[in-house]
Amino acid sequence: MKNRVQLIGHVGQEPEIKNLESGRVANFTIATNENYTNAKGEKVEQTEWHRVSAWGKTVDIIEKLLTKGTHVAIEGKLTHRSYDDKDGNKRYITEVVANELVLLSK
């Protein structure tokens with residue numbers, strides 16, 4: 001088995017680029033949409049938001065080409081991490097660490 005995620009959607013906000021001791025990282029979100037008809041016969045559009053991070057050379061591509069609204073396909077792995085917020089509460093994050101990115105917008 002392999003931890004592999006593929007998403008096609010639109011970038012939700014301008015990517016945030018950070019310089020860390022371990023290297024550069026880009027963080028952004030992607031919105032994916034699913035359309036279906038519910039049991040009452042009503043058409044429903046459901047939007048899911050996904051956190052995405054990328055490292056290495058992928059950050060250079062993201063910095064130059066990705067903007068809010070860009071239609072993009074990404075492939076990567078699903079990860080989970082936790083941190084303590086400023087009030088000392090434990091917070092959990094699930095995100096996709098992207099290793100491939102394809103621009104679908106012009």
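Below are the figures for this structure:
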read-out: Greater than 32 Å apart at Cα, pairs in Lys2/Lys68; Lys2/Lys57; Lys68/Lys90; value: none
read-out: Cα gyration tensor shape for segment 1-48, rounded if a/c is under 1.5, else prolate or oblate; value: oblate
read-out: The chain - percent relative contact order, Cα under 8 Å, separation 6 or more; value: 30 percent
read-out: Relative contact order for segment 1-50, counting Cα pairs under 8 Å that sit 6 or more residues apart, in percent; value: 29 percent
read-out: Shape of the chain, Cα gyration tensor, a/c cut at 1.5; value: oblate
read-out: Residue order, fewest to most surrounding Cβ atoms within 10 angstrom, among Asp84, Asp60; value: Asp84, Asp60
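All of the numbers you see were taken from the coordinates with simple rules; none came from a lab. Quick caveat, the model's predicted, so the values are computed rather than measured. Cβ: placed from backbone, ideal geometry, glycine included. Neighbour counts: every protein chain shown.
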